[in-house]
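Undergrad: I'd like to ask some things about the structure below.
Please treat every number below as a calculation from the coordinates, not as lab data. Given the structure is predicted, the values throughout are model-derived calculations rather than measurements. Cβ placement follows ideal geometry from the backbone for every residue including glycine, while neighbour counts extend to all protein chains displayed.
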Amino acid sequence: TFEVKNSVFTGADADCGQQGGGRAVVFIEDSYIDMDNLDVKQNSYGILLKSSSGSLTNSVVDVKCNAIDTNSLKTTGNIQHTLEVKDNTITTAEGAGLTAYDGAKVYAEGNTISGATEGSGVGIRSSNVELHRNTIGPIGGWNGLWIYGTSDVVAENNTIQEDRKSTRLNSSHQIISY
């Protein structure tokens with residue numbers, strides 16, 4: 001397990017989107033990582049985890065575009081590892097606070113997610129996600145929670161407030177009770 005603790009990450013404030021030139025200030029691939037007490041700021045994108053798992057706890061991510069992007073998960077033999085996102089303050093100017101795409105496995109609890117003037121608070125596509133005791137909002141762009149693809153989602157005891165559009169569910173296998 002690779003550990004990153006008590007650190008500050010800053011970068012460049014490029015535009016969002018494929019043509020915007022922005023990059024994640026922390027990029028993790030094919031790894032198991034534990035991150036605690038990080039301050040990720042002044043960058044277009046925050047943290048990108050590709051085929052990776054571990055934990056992000058007690059941190060502040062305040063960026064322009066997507067804050068925490070997950071794509072797939074880390075496997076060891078037959079074990080599919082989970083990314084735990086707990087007790088963080090996640091703020092974006094434009095993008096999503098948390099994404100779980102293409103087979104990601106995420107457990108998020110006790111986070112505060114806000115901003116997203118051009119996106120949703122949490123975006124889930126074809127992944128397994130559990131959301132517990134999170135506060136999502138205000139969200140200036142779209143939905144507090146946007147689920148699409150074939151996703152397995154459990155969302156219990158969350159507060160979704162001040163999202164411009166109602167939470168959107170375009171998926172199968174969901175248990176939602178905010």
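Undergrad: List every residue whose amide H lies under 5 Å from the amide H of Arg164, counting only residues 5 or more places away in sequence or on a different chain, with H placed 1.01 Å from N in the peptide plane.
TA: HN-HN under 5 Å from Arg164: Ile139, Gly141, Trp142.
Undergrad: Once you order the gyration tensor axes a ≥ b ≥ c over the Cα atoms, which shape class does the range 1-80 get: rounded for a/c under 1.5, otherwise prolate or oblate by comparing a/b with b/c?
TA: oblate
Undergrad: While we're looking at this one, here's another question. Please report, in debye to the nearest 20, how large the charge dipole of the range 21-113 is about its Cα centre when each Lys and Arg carries +1 at its beta carbon and each Asp and Glu carries -1 there.
TA: On the way: 7 positive and 12 negative charges, 36 e Å.
It works out to roughly 180 debye.
Undergrad: Let me ask another. Just name one of Ser31, Thr70, Val8: the one whose Cα is farthest towards the positive end of the charge dipole of the chain (beta-carbon charges, Lys/Arg +1, Asp/Glu -1).
TA: Thr70
Undergrad: Okay, moving on. Counting pairs on different chains as well as pairs 8 or more places apart, how many Lys pairs in the chain have Cα atoms under 26 Å apart?
TA: 23
Undergrad: Where both partners of a DSSP beta bridge lie in the range 1-124, what percent of those bridges are antiparallel, to the nearest 5?
TA: So the antiparallel bridges amount to about 5 percent of the total.
Undergrad: With an 8 Å cut-off on Cα pairs and a minimum separation of 6 or more residues, tell me the relative contact order of the chain in percent.
TA: Values: 628 pairs, mean separation 24.1, N = 178.
The value is 14 percent.
Undergrad: Answer with a single label: of (i) 0.94; (ii) 1.22; (iii) 1.00, which was calculated as Rg/Rh (Cα atoms, Kirkwood Rh) from the structure in view?
TA: From the options (i) 0.94; (ii) 1.22; (iii) 1.00, the structure gives (i).
Undergrad: Could I ask something else about it? Name the residue from Asn88, Leu145, Asn43 whose Cα lies farthest towards the positive end of the charge dipole of the chain, charges +1 on Cβ of Lys and Arg and -1 on Cβ of Asp and Glu.
TA: The one lying farthest along the dipole's positive direction is Leu145.
Undergrad: Using the reciprocal of the averaged 1/r over all distinct C-alpha pairs, how large is the Kirkwood radius of the range 54-110 in Å? Could the numbers behind the result be given before it?
TA: Details: mean 1/r = 0.0841 Å⁻¹.
About 11.9 Å for the range 54-110.
Undergrad: Net charge within 14 Å of Ser52 by Cβ-Cβ distance, Lys/Arg positive one each and Asp/Glu negative one each, not counting Ser52 itself?
TA: -4
Undergrad: Here's something else I'd like to know. Gain in length, Glu156 to Asp15, computed as 0.36 nm per residue apart minus the alpha-carbon separation, to one decimal in nm?
TA: 47.4 nm
Undergrad: Where in the chain is the longest stretch that carries no trypsin sites (Lys or Arg not before Pro) classed as loop by DSSP and with at most 16 other Cβ atoms within 10 Å? It would help to have the intermediate numbers written out before the result.
TA: On the way: sites that count: Arg23, Arg133.
Formally, the longest exposed-site-free interval is 24-132.
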